[in-house]
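Each value in this text was obtained by applying a stated rule to the coordinates, not by laboratory testing. Everything quoted here is computed from the prediction, not taken from an experiment. Here the Cβ positions follow ideal geometry from the backbone for every residue, glycine too, while neighbour counts run over all protein chains shown.
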Amino acid sequence: MASKVEIANRALQILGAKSITSLTEDSRNARSINLAYEPVKLAELRKHSWSFAMKRAGLAANATAPIFTKTNSFPLPSDFLRLLPKDGEDLTNDLDWQIEGKSIVTDDAAPLKIRYIYDVTDPNEMDALFREAFSYKLAETLAEEITQSNTKKADISSQYKDIIADARRVNAIERVAQNPPEDTWVTVRA
């Protein structure tokens, strides 16, 4: 069973630092990890279309419409991180959606069906390679603070690049192949 502490301790192990028993314990390492954990996790989830972090939703319209241009506004889900194409196999962008603040504004009617990357809070829902890459990114983020070594940070950064590439490759293999987007200049001639 994966846990936040397991991910934190893997990052500390990469740094050659002392492990912790909880993120809230009163130690320098726990305080450092606790401050970095959520921001680093959110950034790593948002960077890529991770299969394990995809969700679908049908959004109800806000009671008040946008003041001008578009006719409807839809509140984003509370766990929303990044919007994905409506259909993973169709990369043509014929949507008139626009994210403004915490809403999507559009002329489309309710319910607005979306696919998105969500904030995965349970490490057990994360792919094992993602957890490893996340641990390396945490270690890279905290390297100077915990080890006072730029060399260590550079080494970890290099290792992170290899691991995140592996995680992305495996994620891509497990998804349906995507057709390249078609330009209207080409399709109009057909």
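Regarding Arg28, is this residue more than 18 Å from the chain's Cα centre (by Cα) and among the basic types (Lys, Arg)?
Details: more than 18 Å from the chain's Cα centre (by Cα): yes; among the basic types (Lys, Arg): yes.
Yes, satisfied.
Quick check on segment 128-149: of everything there that is surrounded by 17 or more Cβ atoms within 10 Å (Cβ to Cβ) and β-branched (Val, Ile, Thr), which residue is farthest from the chain's Cα centre (by Cα)?
Ranking the qualifying residues of segment 128-149, first place goes to Ile146.
Can you confirm whether Leu129 is under 29 Å from Ser158 (Cα atoms) and either of a type in the set (Phe, Trp, Tyr) or touching a residue at least 24 places away in the same chain (Cβ under 8 Å) (or both)? Working first, answer last.
Numbers: under 29 Å from Ser158 (Cα atoms): yes; either of a type in the set (Phe, Trp, Tyr) or touching a residue at least 24 places away in the same chain (Cβ under 8 Å) (or both): yes.
In short, yes.
Given the conditions (1) closer than 13 Å to Val105 by Cα; (2) surrounded by 14 or more Cβ atoms within 10 Å (Cβ to Cβ), report the number of the one that Ala63 does not fulfil.
Exception for Ala63: condition (2).
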